[in-house]
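I have placed the structure first, in the form of structure tokens, so that the comments after it can refer back to it.
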Amino acid sequence: MKRFDEICVVGFAGLTTLLLITSPVAADDVVVLTEDNFENEVGQDRGALVEFYAPWCGHCKKLAPEYEKLGSSFKKSKSVLVGKVDCDEHKSLCSKYGVSGYPTIQWFPKGSLEPKKYEGPRTAESLAEFVNTEGGTNVKVATVPSNVVQLHGDNFNEVVLDETKDVLVEFYAPWCGHCKNLAPTYEKVATAFKSQEDVVIANLDADKYRDLAEGYDLSGFPTLKFFPKNNKAGEEYEGGRDLEDFVNFINEKCGTNRDGKGQLTSEAGIVASLDSLVKEFVAASDDNKKVVFPRIEEEVEKLEGSTSSYGKVYLKAAKNCMEKGPHYAKNEIDRLQRMLDKAISPAKADEFTLKKNILTLFA
């Protein structure tokens, strides 16, 4: 692979054809700074570390997971802000602060818009040490366990060839820049689907385990292959490399209904074969609801797998509608939403969301 100078020079557009076309991953704990909000956030009552980057810059992409880790580590600090500026979008702001290459990292002391350039290593640990020294803090870098299953010689067949699991595998090499760029997005994919017991997001160091990788016709890194329950020969993943692309692919292939944050969508739990019966039930008079209900029971008995458990929620909703009156569904939806607005476990959030989705059909 070709090597480049330590930083990408501003305007060196030719690099774009050599780099994976994805922008640095957005981090919830890194403040996005713009020309409109920069001076409201920086130079105020806390110090600020700011990364000036370009979406096409390979070194910026390599820094992204480390910078995101830094942002997560300092998210509870009231005396330090970790932010970033997209210099393609805000050229005048970057020019104002003398940015001539990407990424440029600058420290703005509390109450000052006169920055000090960071020249150290681009790791979360080194950046944190710098910020602690400049900002008078004592923050340790957060360590977040990975939700990506690490494959190796002892577990590859057990995980990938398991016919009860849909498995997405990234074949990567530690030295591959594109693999490093993909890593933070791939981790988010794994996190989004960690609650799906039959979906596995995994990777394999194809440089270290060449004997395993050679059997899968790899032409470059990263190569992604999908191993559904019914096809353990595997199929090439040819979709995009953004979080949304992966989420849409898995939802379509695995029958899941997750968004990029791992939350269930409004389609989760909905059983198409029950649609017409539910509409008939809702439109019927109280007496006729009792006539439609046994037909719903009959249809639910035909359901298999996860839809069988959804069917039980349908039956309970219909029964309660008959017993508790026409306002039951709306009142229960409101109650569930109040519960969802609280800090609850992911499992409870899934349970309440499924019930809420189904009850919406009865409201």
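Looking at 303, 315, 361, 340, can you tell me which residue is over 19 Å from residue 195 (Cα atoms) and at pLDDT below 95?
Checking each option against the conditions leaves just 303.
For residues that are crowded, with 20+ Cβ neighbours inside 10 Å and in contact with a Cys (Cβ under 9 Å, 6 or more places away or on another chain), scanning just the range 94-107, find the one that is farthest from residue 30 (Cα to Cα).
Of everything passing the filter in the range 94-107, 99 is farthest from residue 30 (Cα to Cα).
Working only within the range 71-85, note down all residues that are touching a residue at least 60 places away in the same chain (Cβ under 8 Å) and either open to solvent by 10 Å² or more (accessible area, probe 1.4 Å) or over 22 Å from residue 111 (Cα atoms) (or both).
The answer is 72, 73, 77, 84.
Conditions (1) at pLDDT 90 or above; (2) at positive phi; (3) not in a helix (DSSP H, G or I), marked per residue:
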position: 131; (1), (2), (3): yes, no, no
position: 134; (1), (2), (3): yes, no, no
position: 159; (1), (2), (3): yes, no, no
position: 167; (1), (2), (3): yes, no, yes
position: 200; (1), (2), (3): yes, no, yes
position: 219; (1), (2), (3): no, no, yes
position: 241; (1), (2), (3): yes, no, yes
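Starting from the range 37-54, take each residue that is closer than 18 Å to residue 72 by Cα and touching a residue at least 60 places away in the same chain (Cβ under 8 Å) and list its partners that are open to solvent by less than 10 Å² (accessible area, probe 1.4 Å) and assigned to a loop (DSSP other than H, G, I, E, B), counting only C-beta distances under 9 angstrom and pairs at least six apart or across chains.
Going by the 9 Å Cβ cut-off, the qualifying pairs are 48/42; 49/74; 50/42.
Looking at (1) under 24 Å from residue 69 (Cα atoms); (2) open to solvent by less than 60 Å² (accessible area, probe 1.4 Å), find the lone condition where residue 166 falls short.
So residue 166 meets the others, but not (1).
Where residues in the range 311-333 are open to solvent by 60 Å² or more (accessible area, probe 1.4 Å) and either outside any loop (DSSP other than H, G, I, E, B) or of a type in the set (A, V, I, L, M) (or both), which of them is nearest to residue 284 (Cα to Cα)?
322
The values are calculated or read from the model by the stated rules, or taken from the named source; none is laboratory data. Since this is a predicted model, take the numbers as computed values, not measurements. Virtual Cβ from ideal backbone geometry, glycine too; neighbours counted across all protein chains shown. For the accessible areas, the whole protein counts, side chains as well, though only heavy atoms, and no ligand, DNA or RNA atoms are used. Shrake-Rupley method; radii C 1.70, N 1.55, O 1.52, S 1.80 Å.
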